[in-house]
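Remarks on the structure that follows.
The values are calculated or read from the model by the stated rules, or taken from the named source; none is laboratory data. It should be emphasised that the depicted structure is a prediction, and the values quoted were computed from it without experimental measurement. As a convention, Cβ positions derive from the backbone with ideal geometry for all residues, glycine included, and neighbour counts pool all protein chains shown.
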Amino acid sequence: MKTMLSKLTSALLCLAMLLTMCSFAMAEAGTYTGVGDSEIGGKGAIEVSVTVDENGVVTDIQVTKNGDTAGIADAAVEAMPGRIMAAQSANVDGVSGATMTSEAIKMAVLDAVTAAGLDTVKWSTYVATEAAKADDATYNTDIVIIGAGGAGMTAALTAAEKGADVIILESQAAVGGNSVRATGGMNAADTPAQDENEFGESAGVEKTLKTARTSYADNVTITKLAEEVEKQWADYQANPVGYFDSDELMELDTMIGGKGINNPELVEELADESADGVEWLKKYGINLTSVGSFGGASVKRIHRPVNAEGKTIAVGSYMVPLLEKACEENDKISIQLETTATTILTDENGKAVGVKAVGATGNEVTVNAKAVILATGGFGANLDMVAELVPALKGFMTTNAAGAQGQGIEMAQALGAATVDMDQIQIHPTVQFDTAALITEGLRGDGAVLINADGKRFIDEVGTRDVVSAAEIAQPGSYSYLVVDQAMLDKSSVIAGYVKRGFVFQGNTYEELAEALGVDAATFAETMNTWNTYVEAKNDPDFGRTSFAQPLNTAPYYAIKVTAGVHHTMGGLVINTDTEVLKADGTAIAGLYAAGEVTGGVAWREPSGRQRCGGLRGLRPHCGRRSGGIRAGRVITKIAINRAGRHGLTCPVFLGSSRDLGEEQLGVRLRTRKVTGRDASLPAPLLATSLGLVERGTVGALPQTPAGTLSLHPARDRRKGTKSPLDPFSRLSWSRFLAPSACSFLALRRSPCLLPNFP
């Protein structure tokens, strides 16, 4: 960033000195075009149209071309023209969180006013952006959320669905945080979208099971999960209907990825709720229909959006605007931008009851609330903190948004919050070498390969990020080239975007591409031809890759120079399955919840990091919904109970992170796994009593399958072609059956009945 600013300053000074030696003609009224380079978008990333009147005053500035990442650049595109016109100078303060785009706009405007013949010295002179200090303000609400990324906005929407009033405080000038930068997708197991794919990942499943048996035989959790998956795998092979995946396989992948140190309960929540998270997003117009492979997964599980042409697109820039729109249209949600939280307020008992913050003009903002949700993200942009925790990462680039400074962790620690795995920093192996722009790993899952400076493959490209990154760092120059072909480009608007941003080398043959890359042509061609034979055979004897797509044999060919960079922080606040923030002794900090990357413990150790409870690939929508939903469910249920005078209820009527009960169908919100033996009878009295289907106290009343297995997911079983004993009721709405006794459903979700602890 300093380099960028230095470049701009030097350019302005040089231009100013040059122009002072020249005699200027009077500026002519008209409209002029200027071009700027953000160093993210590539040459010509920003183009502006500047209108000058007969007095030499700039009266209008329009950004006519924006090659920067949608969402990230939006705040600068919206704010900078007004700031520049107000100052009649291109040298004004940029927009926080969109600094590079701001600088590109300033360059473009200066280019245009120079063409117009305006006084470039004047237009190069710094003018401070002055704003009158706003009045201090105090607000009262049900829930205050710190951070307007994916976690914060999904938490807000879930809370609003439950009837809560919500205020979101966002330190940056635009929503999105790291979420808007996400290029991959959202992980989910056993979804309808997966069933649209032909299953060809047998080798991946077998490899995972072998790893569990040979490397984690002493890990009870992994061993038990592997046993369950082995049974599921055997059943599927006997009757291969649909696409094979399960919550247990996702759990197993995650536990193995985390080297067995994960919190099993959080991992279970991640997997169990993942499919429902994808479905929940649909109500806000977010459809993740394309399913692909990614590092660390046995099967295709990463869900991505597609555009009108059917091409996959970046998930962050697609999802964040839709979440923002949903929040803006909800009269129970208010988002305050450029409002930086500094302190979590507590009462005399230590319960979180609000937030102190600083507004955009330095004014003090106080939000009093019944609950506080931290969704501030991690600390991946705080490179000093990263280097302090992991000295080996000193000097690494970061893909993180500027707001990812770790402030949420610090505020919670001030209340005694515990942290976990703070030294687990996720390194991503495909970061554009010159700009630190994130290159989606979905490309590797779709068939791309990594080639080193010698023109050779060096690793299983869809291995976990830590393994791939370490291998890449060990290569000559610590970089590699991500290689794709025209067939992949035709299916992906993401690749087309990389081409437009100037990231891509191109060649009509392997030899031409090798020449453009500066690698040995013969070696590179041999590597690519060999790889294509491996794809055809579905066997990689060199590195054991098990994920194959199409051969890379459709010219022209493309490559992006990539290296490893700091991507996300996997450590963070310790939470329980209700997303309550915990102290070191395991007790919860009353009223304080956390969602997203600010949390730790889920632990998918990908690039020395993990499948985090955050990020659009993992639990960010789920954790956001759960913290928002659970807290809102507790708060609003208490309010509803008090208002109705129904004090006889012993626990709140909500289902963790579920949708409104009236929208949910029988079976969908029950535990998705199948239970056998004695455990199979346990849900029966809870379910049947709540629905009034059998008399209270009846055990094992619902019929069992021939194998003695009671399915708790009839909707999914029906889709898989399996008849469930609950199927006759699966189309009935929860709302037709719910009564106060429905709180017994909570036993199935491990959500506590804690009415006495309500605020």
For Ile373, are the conditions met, namely being in contact with a Lys or Arg (Cβ under 7 Å, 6 or more places away or on another chain) and closer than 13 Å to Val166 by Cα? yes
Search result, residues across segment 578-590 that are crowded, with 18+ Cβ neighbours inside 10 Å and assigned to a loop (DSSP other than H, G, I, E, B): Asp578, Thr579
If Gly310 satisfies every condition in (1) crowded, with 20+ Cβ neighbours inside 10 Å; (2) more than 19 Å from the chain's Cα centre (by Cα); (3) within 21 Å of Ala188 (Cβ to Cβ) but one, which is the exception? (1)
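Here is a yes/no grid of residues against (1) assigned to a loop (DSSP other than H, G, I, E, B); (2) among the hydrophobic types (A, V, I, L, M, F, W, C); (3) in contact (Cβ under 8 Å) with a residue 12 or more places away in the chain:
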{"site": "Glu515", "(1), (2), (3)": "no, no, no"}
{"site": "Val519", "(1), (2), (3)": "yes, yes, yes"}
{"site": "Phe524", "(1), (2), (3)": "no, yes, yes"}
{"site": "Phe543", "(1), (2), (3)": "yes, yes, yes"}
{"site": "Phe548", "(1), (2), (3)": "yes, yes, yes"}
{"site": "Asn553", "(1), (2), (3)": "yes, no, yes"}
{"site": "Thr563", "(1), (2), (3)": "no, no, yes"}
{"site": "His568", "(1), (2), (3)": "no, no, yes"}
Taking the stated definitions as given, is Thr99 out of contact with any helix residue (DSSP H, G or I) (no Cβ under 7 Å at 6 or more places or on another chain), modelled with pLDDT of 85 or more and either surrounded by fewer than 24 Cβ atoms within 10 Å (Cβ to Cβ) or of a type outside the set (D, E, K, R) (or both)? no
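Pick out the one residue from Val299, Val220, Val241, Val278 that is assigned by TED's automatic domain parsing to the domain that holds Glu206, farther than 29 Å from Ala182 by Cα, in contact (Cβ under 8 Å) with a residue 40 or more places away in the chain and hydrophobic (A, V, I, L, M, F, W, C).
Values: Val299 fails: farther than 29 Å from Ala182 by Cα; Val220 fails: in contact (Cβ under 8 Å) with a residue 40 or more places away in the chain; Val278 fails: farther than 29 Å from Ala182 by Cα.
When all the criteria are applied, what remains is Val241.
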Applying the selection to segment 224-242, what residues are modelled with pLDDT under 95 and either assigned to a helix (DSSP H, G or I) or surrounded by 15 or more Cβ atoms within 10 Å (Cβ to Cβ) (or both)? Gly242
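Each row is one residue, and each column tells you yes or no for (1) surrounded by fewer than 24 Cβ atoms within 10 Å (Cβ to Cβ); (2) touching a residue at least 40 places away in the same chain (Cβ under 8 Å); (3) assigned to a loop (DSSP other than H, G, I, E, B); (4) over 17 Å from the mean Cα position of the chain (by Cα).
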residue	(1), (2), (3), (4)
Val144	no, yes, no, yes
Met153	no, yes, no, no
Ala203	yes, yes, no, yes
Asp245	no, yes, yes, yes
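Pick from Leu323, Leu288: which is within 15 Å of the chain's Cα centre (by Cα), under 25 Å from Asp245 (Cα atoms) and either buried (at least 22 other Cβ atoms within 10 Å of the Cβ) or in the same structural domain as Ala203 (by TED's automatic domain parsing) (or both)? I'd like the intermediate steps shown before the answer.
Working: Leu323 fails: under 25 Å from Asp245 (Cα atoms).
Sole residue among the options that is within 15 Å of the chain's Cα centre (by Cα), under 25 Å from Asp245 (Cα atoms) and either buried (at least 22 other Cβ atoms within 10 Å of the Cβ) or in the same structural domain as Ala203 (by TED's automatic domain parsing) (or both): Leu288.
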Selection from segment 331-372 of residues that are more than 29 Å from the chain's Cα centre (by Cα), more than 15 Å from Asn140 (Cβ to Cβ) and free of Cβ contacts under 8 Å to residues at least 60 places away in the same chain: Glu348
Can you tell me how many residues in segment 420-475 are part of a loop (DSSP other than H, G, I, E, B), among the small types (Gly, Ala, Ser), at pLDDT below 95 and surrounded by 24 or more Cβ atoms within 10 Å (Cβ to Cβ)? 2
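Please indicate, with yes or no, whether at least one residue in segment 335-357 is within 30 Å of Lys491 (Cα to Cα) and either in contact with a strand residue (DSSP E or B) (Cβ under 7 Å, 6 or more places away or on another chain) or assigned by TED's automatic domain parsing to the domain that holds Ala174 (or both). Break it down stepwise before answering.
Restricting attention to segment 335-357, the residues satisfying the condition of being within 30 Å of Lys491 (Cα to Cα) are none.
No, segment 335-357 has no match at all.
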Of the conditions (1) touching a Ser or Thr at 6+ places or on another chain (Cβ under 7 Å); (2) part of a helix (DSSP H, G or I), Gly403 clears all except one; give me its number. (2)
